[in-house]
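Novice: The following block contains the structure, expressed as structure tokens.
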Amino acid sequence: MRNERRRVLAGSLAGAAVLGVLGFAALRPDGSGGAPEQLERPVAASGATPEGAPTSGPPASGTPSPQPSGTPVWEGPTPPPVDMKLSKGSDRAPVTIVEFGDFDCPNCRRYARSIAPELERRYLDTGVVRVFWRDYPIRGRRSVEAAVAARAASRQGRFWQFHDALYSGTARLTEDGLRAAARQAGLDLARFDADRRDKAVREAVQQEGAFAADLGLPGTPAFLINGKLLFGAQPLEVFVRAIEQARRGS
């Protein structure tokens, strides 16, 4: 089944349209930071699939409930819990963007500095888009340590401030550099250091990276826009077109 998922995703990167391969069910916050995402992919040869529009339903458990014939169900790896502190935008937004990113990735930095601010002005500030971050630290130890540090920042409610500090173009992903970014983000440094040592923070990063790898994502940044894959720091107009299509449900 894993090889089948990888073939589907590889085909999409070769130019085939991704129609509901990875759709997202409702993302509901709870006291622990959010219910898991439920992903769907088509299992019927007809390809009659939803476009990833949010729907209600129970969290993915790895054992799908019986479905009517022809109903798409997710047969892949169980997604890690969604940390709602790593999201921004209206919870009523019709379009969801899930970004799989690496803080040591130059293209992720280019997206964060050159593309994301305009998308935020057009679509997040107007209630059209909600963004969720997923860690995919694939460039080595510095990537992992930066992701752990960003998770620690999220415990103080300042994930996005720390995210922006790391992608500012001046931050170095060293111990001193991470602490400098923490200061820039307005964090309590003693708490930041303690949270980085928390095994649960590191495990959350590891789970997200493993999930992205199991999906077959070939690198970063990778985006799911209402379930459709968009790979790389594409030009602004490519993101605008994908968001407008998702907004129309097309």
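The values are calculated or read from the model by the stated rules, or taken from the named source; none is laboratory data. Keep in mind it's a predicted model, so treat the numbers as computed, not measured. When we count neighbours, we look across all protein chains shown, and the Cβ atoms used for this are built from the backbone with ideal geometry, even at glycine. Surface areas here come from the heavy atoms of the whole protein model, side chains and all, with no ligands, DNA or RNA. Shrake-Rupley method; radii C 1.70, N 1.55, O 1.52, S 1.80 Å.
Novice: Can you tell me which residues in segment 207-224 are closer than 25 Å to R155 by Cβ, open to solvent by less than 10 Å² (accessible area, probe 1.4 Å) and assigned to a loop (DSSP other than H, G, I, E, B)?
Specialist: P221
Novice: Taking the stated definitions as given, is Y167 among the aromatic types (F, W, Y) and in contact with a Phe, Trp or Tyr (Cβ under 8 Å, 6 or more places away or on another chain)?
Specialist: yes
Novice: Something else: For segment 237-250, which positions are of a type outside the set (G, A, S) and loosely packed, with under 15 Cβ neighbours inside 10 Å?
Specialist: Selection gives E237, V238, R241, E244, R248.
Novice: Report yes if some residue within segment 198-206 is in contact with a helix residue (DSSP H, G or I) (Cβ under 9 Å, 6 or more places away or on another chain), of a type outside the set (G, A, S) and part of a loop (DSSP other than H, G, I, E, B); otherwise report no.
Specialist: Yes, segment 198-206 contains a residue that is in contact with a helix residue (DSSP H, G or I) (Cβ under 9 Å, 6 or more places away or on another chain), of a type outside the set (G, A, S) and part of a loop (DSSP other than H, G, I, E, B).
Novice: Among the helices (runs of 4 or more DSSP H) lying completely within segment 102-191, list those that include at least 1 residues that are aliphatic (A, V, I, L, M) and buried (at least 21 other Cβ atoms within 10 Å of the Cβ).
Specialist: 116-119, 141-154, 159-166, 175-184
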